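Here the structure is laid out as C-alpha cells; the discussion comes afterwards.
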Amino acid sequence: MSSLPQVVLVGRPNVGKSTLFNRLIRSNRAITHDRPGITRDRLEGIVRRKNKPEYGVIDTGGVTLDERSVVQEGPEGIRGFEAEILQQVHTATEKAAVIAFVVDGKDGLLPTDEYLANHIRRLNVPVLCVVNKVDGAELTDRLTSEFHALGFPLLAVSAEHGHNLNELADTLGHMIPKEAFVEAQEPPVLRLAMLGRPNVGKSSLINALSGENRMIVSNVAGTTRDSVDVRFAVDGEDYVFVDTAGVRRKTRITDTVEKYSANSSIKSAGKADVTLLTLDAIQGISAQDKRLMDMLNTRKIPFLILVNKADLLSKEALTRVVKEARQLLGFCSHVPILTVSALSGYGLDQILPMAKTLHEECQVRVPTAQLNRAMQTALTTHQPPLVKGVRAKFFYLTQAESEPPTFVFFVSDADRVSPTYARYLESSLRRTFKIRYAPMRVKLRSSHKKDR
C-alpha cells in the first residue's frame, strides 16, 4: 500500500476519525468509543471504489487529554497537549496527498479546531474539512457560518449513520493530485455480473461477447457452480464478466454447493457495476425471474434485462415476452430490455454500450443550483395535490449520493406527499438530467419527521 497516495485523517479527540476510517475501508479495524483518545496508534487502510483508483487512508492516533486539558478547552488547555497536536500535523506533512480535517458538527467550532486549522493552513497540501455527526437539517446552519470561517472546502457527513460517505470517498479521491497515483496502477474496468436461472445461456453469452470459449457450455442446468471472473477487451476497453451460477427457487436448492452458488451469485450482483439479468425467450418468464427483478429493484442495483434465444421466436411471440417483462417491472420502467441471441450473435452489439451508459448515469452528480431550478420547474408544471386538505411545501433539493443517484427533497411534511407525486418528481428529474436507465432514489425529508 506504500505506493498508493495517502489521505490523512486529522482532528481533535472524539470527532469520529476512527468511525470514518472504518467506514471508508469498510472494515472495523479501528476501535471506536465515546471516550476521547481511544485511538493511540496510527492505522492504515485502503479505500476501494468500484471502477475508480484506490488510495490509502491513515487514522492518526488520538490525542490523550489529561484532566486539566478536558476542563480547560481554552488556550491554556490547548497548550496542555500541543505536542500531540503538532505530531498529527507532522504525520500529515510526511504522508498526506490530502488532509481530511475532521470536526464535530454538533459541538461546533472549538478553539482546538482553530488551533489545529492554523497549522494545517501552512502545509502545501489540499484540505477537506469533514463536518461529522451532521444528522439533520437543523445542523446545516453551522456549515454556512462557523466552519466556513476556516477557509477550507466543506463536506457534511455522519459516520455513525452512513450519510454522504460515498460522496466523501469520491471527493477525497478527486482532490488527490493525478501525479500522486502510480502510473503502473491497474486501470479501472467495468465489472458486469451475469444473473439468471440455470441454463438460460449466461455462459454462452459471455463466450460470444469475449470472443473466447472461456466458460463451459452444457444443456445440463447448473454446469457453472462458481462465480468465475472473465477478463476481456473490446475496442481497447477492458471488462470483467462474473458468470454467476444459475439461481434456482429456494425450495429446489437442496445441495450445499448449490446453496453457496446461489448466495454467491446474488452477492456478485451487488459488487458489480452493472448486472445483466438473463431470461430465456423460449421458456418464458418464471416466478423466479420475477423474484430476481424485485430483488434488484429493491436494492437499487443497476441492471438490464437480456432476453436470450430471441432468434428462435417469431416477432409476435418475442414482443409478448418483452411486454410481459415490462409489466412485471411495474413502476421501474427505466430498466433496459434487450433481445439477443448468444448462438446467432443477434443483438450482442447492444449489450456493452448499454452497460457503459447505465454505469455512467449511476455516477452522475448534479450541482445544487441546477437541482433547485429543476424542482421549481416541476412544481410549477404540476403542483403538489392536497393531502387531507393541506398542500406540502417544498423548500429545496439536494443530491445526497451517487451510485445510484440519490436526491433528497426537503419539505414541510413528507407524509403529505403522495407516492404518485413522488414518482412524478422522479420522472421529472430523469427527463431534466437525462438519467434514462440508472436506478434512482428519491427521498422526502421533513423537519420534524424521518425520511420517507
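What residues have an amide H closer than 5 Å to that of VAL387, excluding those fewer than 5 places away on the same chain, when H is modeled at 1.01 Å from N in the peptide plane?
Residues meeting the amide H criterion: ALA392.
Under 5 Å between amide H atoms, partner at least 5 residues away or on a different chain: which partners does GLU401 have, H built in plane at 1.01 Å?
Under 5 Å from the amide H of GLU401 lie the amide H atoms of THR406, each far enough along the sequence or on another chain.
What pairs in LYS95/LYS271; LYS50/LYS290; LYS202/LYS309; LYS300/LYS443; LYS17/LYS95 have C-alpha atoms more than 21 Å from each other?
Over 21 Å apart, Cα to Cα: LYS95/LYS271; LYS50/LYS290.
With r as the distance between the Cβ atoms of HIS148 and LYS323 and R0 = 51 Å, compute the FRET efficiency 1/(1 + (r/R0)^6) and round to 0.05.
0.40
Pulled fully out, how much extra length does the chain show between SER314 and SER412, if you take 0.36 nm times their separation in residues and subtract their Cα-Cα distance?
29.9 nm
What length, rounded to one decimal in nm, is gained on full extension from GLN383 through to HIS161, with 0.36 nm per residue of separation minus their alpha-carbon distance?
Length gained between GLN383 and HIS161: 76.6 nm.
When ranked by the protection proxy of mean other Cβ atoms within 10 Å per residue, highest first, what sequence do the peptides 147-154, 405-412 form?
Answer by packing, highest mean first, reads 405-412, 147-154.
Could you calculate the FRET efficiency of ILE46 with ILE337 from 1/(1 + (r/R0)^6), where r is the beta carbon distance between them and R0 is 45 Å, rounded to 0.05?
FRET efficiency, ILE46 to ILE337: 0.75.
What FRET efficiency, computed as 1/(1 + (r/R0)^6) with R0 = 22 Å and r the Cβ-Cβ distance, is obtained for GLU360 and ASP235, rounded to the nearest 0.05?
Between GLU360 and ASP235 the formula returns 0.85.
For a quick check: sort MET354, MET194 by the number of other beta carbons within 10 angstrom, fewest at the front.
MET354, MET194
Readers should treat all values here as calculations from the given coordinates under stated rules, not as data from a laboratory. The model shown is predicted, which means the values in this text are computed figures rather than measured ones. Neighbour counts run over all protein chains shown; Cβ positions are idealised from the backbone, glycine included.
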